Structure formats: C-alpha cells, structure tokens
Amino acid sequence: MKKAVLVALGMTALLVPFAMKTSAQQASKPATYITKAEVDAVNATPGVDRTIRVVDIGNEHYSVGIIHRGATGAPARGAAAGGGARAGGAAAAGGGGGAAAGGGGGRGAAAVPCGERASTPPPAGGPSGISHDVQTEGYLIVSGAGTMVTGGHIVNGSKSAADAEVTTTLNGPSCSGAMVGADVVTREVKVGDIIIIPAGTPHGWSNIPDHVDYLSFRPSQNALTAGYVNPAIKK
C-alpha cells in the first residue's frame with residue numbers, strides 16, 4: 001500500500017509540470033504575419049506615418065508601421081495644394097507622427113504645453129522632434145537615407161491632442177517641440193540601419209536629401225488599441 005501511494009505521488013509530481021506546460025501552450029497567442037505586399041500597399045497610401053497593424057501579444061500591445069518622409073522642405077506626399085511646404089517641413093522635423101503636424105494639434109483644440117518651459121525660446125534653426133510618453137520605437141531603414149537627431153529634451157513643447165492621429169493611431173500621448181541639451185545626438189542613417197528609441201526620448205530628422213522610408217516596431221503598455229488594421233489591407 002505504501003509503495004502504491006509513493007508511486008501515485010511520483011506520477012502526480014511528473015504530471016503537474018506537464019499539465020502546467022500544456023495550459024501555458026493553450027494560452028499562447030497566435031503569430032501575426034505581415035507580408036511585403038501589405039507593407040508596400042500601406043506605404044503607397046498618402047501621408048507620412050501609417051500604422052499597419054496593432055496586435056495584442058499578451059503583456060502589451062505591439063504595433064508595426066511604415067513611414068515615408070520626402071526631402072527636407074518638399075511637399076509631403078498627398079499634401080493638398082497650398083499647404084505642402086508646411087506639411088513637408090513638419091514631415092522632415094517630426095519623429096513619430098510629425099512634430100508639428102501630429103504634436104499639439106487636433107481639430108481646433110488649444111495646444112497643451114509639455115516639456116520644459118523656458119521664457120527664452122531656443123535659437124532658431126535648431127532641431128525639433130517628438131517624444132512618446134509610453135511607446136518605445138525600433139526603426140529599420142528600408143529605403144533612402146537622412147540625418148536623425150535623438151536625445152536631449154523638449155522645450156516649450158505641445159502635447160498631442162487626445163483625438164490627434166499621433167495619439168489614437170500612431171504613438172499614443174506625445175510631446176513635440178524644440179530639442180535641446182548636451183546629450184542631443186546627430187547621426188546619418190541609411191538602408192539596413194536600426195535605431196532603438198526608448199519611450200520619452202525626443203527624436204526627429206534634421207535633413208533628408210531625397211527620401212527615407214522605414215519600418216517602425218512599437219511595443220507599449222496598451223498605448224494603441226489592439227486589433228487595428230490599416231484600411232489599405234483590411235479585408
């Protein structure tokens with residue numbers, strides 16, 4: 001009898017880890033596939049920064065986007081006539097959704113200040129960019145090249161409106177404005193380069209000779225709504 005009990009206990013000890021493993025396997029999330037054709041289809045649509053998909057991966061949400069930025073000062077692709085120069089400038093400067101275009105705006109709402117407040121504005125011609133409150137980004141340059149600016153801190157910035165695209169679809173709550181500080185870094189980037197930008201780190205573009213296209217991989221604690229699929233590939 002004692003031997004039978006020991007055998008039963010031994011079998012239980014062996015089966016419990018197996019049951020736990022099986023349960024964990026059953027609770028796993030399915031993989032998400034994004035084809036090159038889908039990336040190309042989204043990148044062909046008007047605009048600068050376009051989210052492709054937002055996926056619930058269990059402990060956080062994971063977004064993938066494709067960004068196209070034209071030459072510094074050139075009209076943004078798909079920009080309306082008369083507003084192109086301003087849009088192109090914002091596209092070159094901005095990091096996530098465009099510093100000027102996606103920063104403080106939002107359907108006529110008054111801009112909400114963010115970043116360090118300074119009575120004397122930074123010198124004209126300095127770098128500007130955007131930082132995201134909770135969303136880290138990883139960039140993979142897939143076409144073109146340009147000069148990135150990262151680091152420092154935002155001065156006299158504007159917070160993205162709750163209904164602005166940068167908040168709802170691209171990066172979650174963000175702050176855009178002038179970038180200052182001894183830790184500001186300027187780097188030339190080209191096809192194949194990877195840049196990792198932690199949440200809260202300002203980033204932007206100071207010069208793009210022709211264009212730059214890059215994939216953006218964006219994990220965050222629910223900054224964006226899982227299940228989003230870009231209309232260009234939604235079936």
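Just so you know, in segment 61-79 the residues that are of a type outside the set (Gly, Ala, Ser), over 14 Å from Val229 (Cα atoms) and at pLDDT 95 or above include one that is surrounded by the most Cβ atoms within 10 Å (Cβ to Cβ), and it is Ile67. When each of Val155, Val142 is tested for being surrounded by fewer than 23 Cβ atoms within 10 Å (Cβ to Cβ), over 19 Å from Arg218 (Cβ atoms) and among the aliphatic types (A, V, I, L, M), the lone residue that passes is Val155. Does Gly126 qualify as being over 23 Å from His68 (Cβ atoms), more than 14 Å from the chain's Cα centre (by Cα), surrounded by 14 or more Cβ atoms within 10 Å (Cβ to Cβ) and not hydrophobic (A, V, I, L, M, F, W, C)? So Gly126 fits the description; yes.
May I ask you to list the residues in segment 201-222 that are over 13 Å from His132 (Cα atoms), part of a strand (DSSP E or B) and open to solvent by less than 40 Å² (accessible area, probe 1.4 Å)? The answer is Trp205, Val212, Asp213, Tyr214, Leu215, Ser216. Scanning segment 94-112 for residues that are farther than 21 Å from Val149 by Cα and surrounded by 13 or more Cβ atoms within 10 Å (Cβ to Cβ), we see that the one that is modelled with the highest pLDDT is Val112. The number of residues in segment 177-192 being open to solvent by less than 40 Å² (accessible area, probe 1.4 Å) and either free of Cβ contacts under 8 Å to residues at least 24 places away in the same chain or more than 28 Å from Pro113 (Cα to Cα) (or both) comes to 1.
Only a single criterion out of (1) open to solvent by less than 10 Å² (accessible area, probe 1.4 Å); (2) under 28 Å from His61 (Cα atoms) is not satisfied by Asp163, namely (1). Just one of the listed residues (Ala145, Ala124) is under 21 Å from Thr72 (Cβ atoms) and free of Cβ contacts under 8 Å to residues at least 24 places away in the same chain, namely Ala124.
The values are calculated or read from the model by the stated rules, or taken from the named source; none is laboratory data. These figures come from a predicted structure and were not determined experimentally. All Cβ positions, glycine included, derive from the backbone under ideal geometry; neighbour counts span all protein chains shown. For the accessible areas, the whole protein counts, side chains as well, though only heavy atoms, and no ligand, DNA or RNA atoms are used. Shrake-Rupley method; radii C 1.70, N 1.55, O 1.52, S 1.80 Å.
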